[in-house]
Amino acid sequence: MSTNTLSPVSGRLFVGGEWLSAREDFASKSPANLAEVVGTFPKATPKEVDAAVASARSAFPAWRRTSRILRAECFDRLAQLIKRDTDALAVLMARECGKNITECRAEVVEGLHMVQYVFGTGRQGIYGEVIASEIAEKDAFVRRKPWGVVAVITPWNFPFAVPLWMLGPSLLEGNTCVFKPSEDTPAIGQKLVELFAEAGFPAGTVNLVQGAGETGEALVKNPDVNVVCFTGSYEVGKRIQEISASMPERIVAAEMGGKNAVIVCEDARFDLAVNAGILSAFKTTGQRCVSASRIIVHEALMDRYAKAFAETAKRLKFGDPLDAKNFAGPLIHENAAKKVLDYNALAKKEGAKVLVEGSEIQPVAGAKGCFLSPFVYQMDGKGARVLREEVFGPHVALVPFKTDEDAVRIYNDTEYGLSLAVITESYRRMRFFREECEYGMGYVNLPCIGAEVHLPFGGVKKSGNGHPSAAGLIEAVTHKTAWTVNHGTDIKMAQGLTTALEGGPA
Ligand code: NAP
């Protein structure tokens with residue numbers, strides 16, 4: 001299918017169950033072909049953002065009172081619609097964000113899995129617990145209650161699955177939502193909310209506002225938002241937490257950037273280690289939060305590993321996202337490509353030994369896109385910026401280590417702590433890295449990318465503030481209440497507290 005044959009999407013805001021236009025529109029363009037307009041979308045004003053929050057607030061009481069199981073059943077209908085539209089959603093995503101069609105399909109399936117998880121969870125588990133009391137006649141319960149209005153602010157690189165990781169648990173637990181997709185992927189945001197509407201979620205439970213960072217900021221500044229679920233860069237996450245600091249009653253669940261790595265020990269299965277490194281560095285053109293821009297390789301293996309890695313990297317095909325034979329696609333926009341080229345130049349300045357030169361390429365005939373070829377280098381520089389900062393593109397350093405303690409020091413020498421992979425046949429070494437490295441998601445004999453929705457997805461340090469996404473988010477979008485019931489006919493207090501009413505009525 002040609003990227004030019006599909007008609008542009010015409011977006012709307014979705015507030016209180018109504019599709020609305022705005023005074024100003026913005027365009028979403030395909031990063032594989034900047035001349036292709038994927039759609040036009042309304043830029044919400046702060047007033048329209050406030051109206052969306054007000055609509056979520058007024059829908060909250062009725063949604064909260066709806067049985068959790070009936071809320072979950074709306075997700076069963078949503079799952080059927082996602083199955084119906086999987087191919088169309090994957091094609092739209094490939095056109096809009098440039099990820100290869102095979103990855104886009106996998107992302108739609110991941111979103112579907114979250115919806116299925118939410119549907120199943122409606123009938124079990126985490127709703128609450130029964131807890132023992134000191135007093136035999138007392139039953140004590142811990143019950144979870146929804147906070148109220150949840151703002152869902154998401155990045156461009158997982159424009160379908162990540163919103164569902166947040167909207168799913170929030171809505172299941174009885175919250176109502178205002179969703180702000182990335183300005184780079186408004187079409188997928190629009191289609192997702194169309195599916196929520198078609199699945200029959202009541203008016204006001206899911207609201208959609210589109211626009212750039214100002215739209216997100218207006219949402220965060222609204223004091224009627226109880227929880228902000230954010231996934232994106234550290235810089236924006238920090239800004240959101242700064243604004244929210246004046247509302248200490250608010251919860252901010254922030255999942256942010258990464259500077260991830262694969263550690264390759266000298267006992268590694270060689271082919272597996274090369275494949276794990278390549279997939280970690282270049283899948284999604286290195287634009288996953290969990291992408292590895294450091295492969296930390298034992299010095300005894302380095303020469304052989306560097307040769308095999310560089311040869312494989314040179315063979316990878318970056319091209320039209322709709323062609324499943326390509327390995328990966330473009331960068332998301334020209335500024336993102338420029339940022340990667342700047343980091344390539346910085347690496348050379350900081351002493352990189354270049355193994356594969358990265359440069360601009362234009363693999364789609366007759367189109368100008370934001371494509372870069374992989375940049376691979378070897379470097380043992382301690383404290384170099386390129387080894388510590390998130391690059392977010394096809395840029396990877398091979399860094400040698402001598403001892404396992406060295407590898408841990410190199411891995412931890414960054415302000416981020418998101419994802420780690422260890423390639424070894426030794427269970428003792430695996431355990432050592434598991435205990436000593438700082439990360440939210442660890443993998444053994446695998447790439448450091450890849451998520452499954454029933455596991456928490458989060459990080460430490462500048463990567464996350466302790467509210468992991470996907471299944472882990474249920475904790476952040478509910479608060480725990482204690483509920484104690486006395487089944488006796490008189491009052492008995494814990495800690496031996498006396499109940500005698502001295503001086504009381506005779
Ligand atoms: P981003 O620039 O931080 O944007 C994320 C979202 O925040 C977008 O919807 C953005 O809107 C919005 N935003 C921007 N400024 C805002 C403000 N002042 N107030 C409120 N919202 C604001 O991130 P991105 O470029 O889309 O995504 C890449 C980043 O996300 C990388 O750092 C990556 O590591 C991280 N990421 C992390 C995870 C994780 O789970 N840890 C997963 C995926 C991605 P606009 O798009 O309109 O600016």
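The values are calculated or read from the model by the stated rules, or taken from the named source; none is laboratory data. Treat the numbers as computed from the prediction; the structure is a model and nothing was measured. Cβ: placed from backbone, ideal geometry, glycine included. Neighbour counts: every protein chain shown. Ligands, DNA and RNA are stripped out before the accessible areas are found, and what is left, the full protein with its side chains, is counted by its heavy atoms. Shrake-Rupley method; radii C 1.70, N 1.55, O 1.52, S 1.80 Å.
Residue by residue, here is whether (1) surrounded by 24 or more Cβ atoms within 10 Å (Cβ to Cβ); (2) of a type in the set (A, V, I, L, M); (3) within 15 Å of the ligand (Cβ to nearest atom) holds:
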position	(1), (2), (3)
Phe230	yes, no, yes
Glu235	no, no, yes
Glu255	yes, no, yes
Glu266	no, no, no
Leu279	no, yes, no
His298	no, no, no
Arg304	no, no, no
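Please work out if Arg95 is more than 12 Å from Phe158 (Cα to Cα), within 22 Å of the chain's Cα centre (by Cα), crowded, with 18+ Cβ neighbours inside 10 Å and of a type in the set (Lys, Arg).
Yes.
Within the stretch 209-228, take every residue that is in a loop (DSSP other than H, G, I, E, B) and not polar (S, T, N, Q) and give me the one that is surrounded by the most Cβ atoms within 10 Å (Cβ to Cβ).
Val209
Filter the stretch 173-194 for residues that are over 19 Å from the mean Cα position of the chain (by Cα) and either within 14 Å of the ligand (Cβ to nearest atom) or buried (at least 22 other Cβ atoms within 10 Å of the Cβ) (or both) and give the result.
Answer for the stretch 173-194, where residues must be over 19 Å from the mean Cα position of the chain (by Cα) and either within 14 Å of the ligand (Cβ to nearest atom) or buried (at least 22 other Cβ atoms within 10 Å of the Cβ) (or both): Glu173, Gly174, Asn175, Thr176.
May I ask you to list the residues in the stretch 104-145 that are touching a helix residue (DSSP H, G or I) at 6+ places or on another chain (Cβ under 6 Å) and either among the aromatic types (Phe, Trp, Tyr) or closer than 30 Å to Gly39 by Cα (or both)?
The answer is Cys104, Arg105, Glu107, Val108, Glu110, Gly111, Leu112, Met114, Val115, Gln116, Phe119.
What's the total number of residues in the stretch 159-172 that are open to solvent by 10 Å² or more (accessible area, probe 1.4 Å) and away from the ligand (no atom under 15 Å from the Cβ)?
Adding up the residues that qualify gives 0.
Is the stretch 136-146 home to any residue that is under 20 Å from Glu198 (Cβ atoms) and either assigned to a helix (DSSP H, G or I) or of a type in the set (Asp, Glu) (or both)?
Within the stretch 136-146, not a single residue is under 20 Å from Glu198 (Cβ atoms) and either assigned to a helix (DSSP H, G or I) or of a type in the set (Asp, Glu) (or both).
So which residues in the stretch 339-354 are touching an Asp or Glu at 6+ places or on another chain (Cβ under 9 Å) and closer than 13 Å to Val399 by Cα?
Once the filter is applied, which keeps residues that are touching an Asp or Glu at 6+ places or on another chain (Cβ under 9 Å) and closer than 13 Å to Val399 by Cα, the stretch 339-354 yields only Gly351.
Among (1) in the same structural domain as Ala328 (by TED's automatic domain parsing); (2) of a type outside the set (Phe, Trp, Tyr); (3) out of contact with any Gly (no Cβ under 8 Å at 6 or more places or on another chain), which single condition is Thr285 missing?
Every listed condition holds for Thr285 apart from (3).
Could you go through the stretch 405-415 and let me know if any residue there is modelled with pLDDT of 95 or more, in contact with a strand residue (DSSP E or B) (Cβ under 7 Å, 6 or more places away or on another chain), of a type in the set (Val, Ile, Thr) and open to solvent by less than 30 Å² (accessible area, probe 1.4 Å).
yes
Are there any pairs with C-beta distances below 6 angstrom linking a residue in the stretch 274-290 that is under 19 Å from Glu255 (Cβ atoms) to a residue that is away from the ligand (no atom under 16 Å from the Cβ) and modelled with pLDDT of 95 or more, with the two at least 6 apart or on different chains, and if so which?
Ser280/Val262
Val118 is checked against (1) assigned to a loop (DSSP other than H, G, I, E, B); (2) open to solvent by less than 20 Å² (accessible area, probe 1.4 Å); (3) not small (Gly, Ala, Ser) and fails just one. What number does that condition carry?
Among (1) assigned to a loop (DSSP other than H, G, I, E, B); (2) open to solvent by less than 20 Å² (accessible area, probe 1.4 Å); (3) not small (Gly, Ala, Ser), Val118 violates only (1).
Looking at (1) in contact (Cβ under 8 Å) with a residue 40 or more places away in the chain; (2) near the ligand (Cβ under 7 Å from one of its atoms), can you tell me which one Val225 breaks?
It fails just one condition, (2).
Specify which of the listed residues (Lys461, Lys480) is under 30 Å from Ser133 (Cα atoms) and surrounded by fewer than 22 Cβ atoms within 10 Å (Cβ to Cβ).
Criteria check complete, one pass: Lys480.
Being without any contact (Cβ under 8 Å) to a residue 40 or more places away in the chain and either away from the ligand (no atom under 14 Å from the Cβ) or within 22 Å of Gly216 (Cα to Cα) (or both) is the requirement here; does Arg294 meet it?
In short, no.
Would you confirm whether or not the stretch 407-423 contains a residue that is in contact with a Lys or Arg (Cβ under 8 Å, 6 or more places away or on another chain), closer than 30 Å to Val109 by Cβ and not hydrophobic (A, V, I, L, M, F, W, C)?
Within the stretch 407-423, one or more residues are in contact with a Lys or Arg (Cβ under 8 Å, 6 or more places away or on another chain), closer than 30 Å to Val109 by Cβ and not hydrophobic (A, V, I, L, M, F, W, C).
Report every pair of residues separated by at least 6 positions or lying on different chains whose Cβ atoms are under 9 Å apart, first residue within the stretch 138-158 and under 30 Å from Gly393 (Cβ atoms) and more than 9 Å from the ligand (Cβ to nearest atom), second open to solvent by less than 30 Å² (accessible area, probe 1.4 Å) and in a loop (DSSP other than H, G, I, E, B).
Val152/Pro181
If you go through the stretch 386-393 one residue at a time, do you hit one that is surrounded by 22 or more Cβ atoms within 10 Å (Cβ to Cβ), charged (D, E, K, R), modelled with pLDDT of 95 or more and assigned to a loop (DSSP other than H, G, I, E, B)?
yes
Are any residues in the stretch 135-144 within 28 Å of the chain's Cα centre (by Cα) and either open to solvent by less than 50 Å² (accessible area, probe 1.4 Å) or under 24 Å from Lys221 (Cα atoms) (or both), and if so, which ones?
Selection gives Arg144 alone.
For the stretch 325-360, how many residues are part of a loop (DSSP other than H, G, I, E, B), touching a residue at least 60 places away in the same chain (Cβ under 8 Å) and open to solvent by 60 Å² or more (accessible area, probe 1.4 Å)?
The total comes to 1.
Out of the residues in the stretch 446-458 meeting the condition of being open to solvent by 50 Å² or more (accessible area, probe 1.4 Å) and out of contact with any Pro (no Cβ under 6 Å at 6 or more places or on another chain), tell me which one is farthest from the ligand (Cβ to nearest atom).
Leu446
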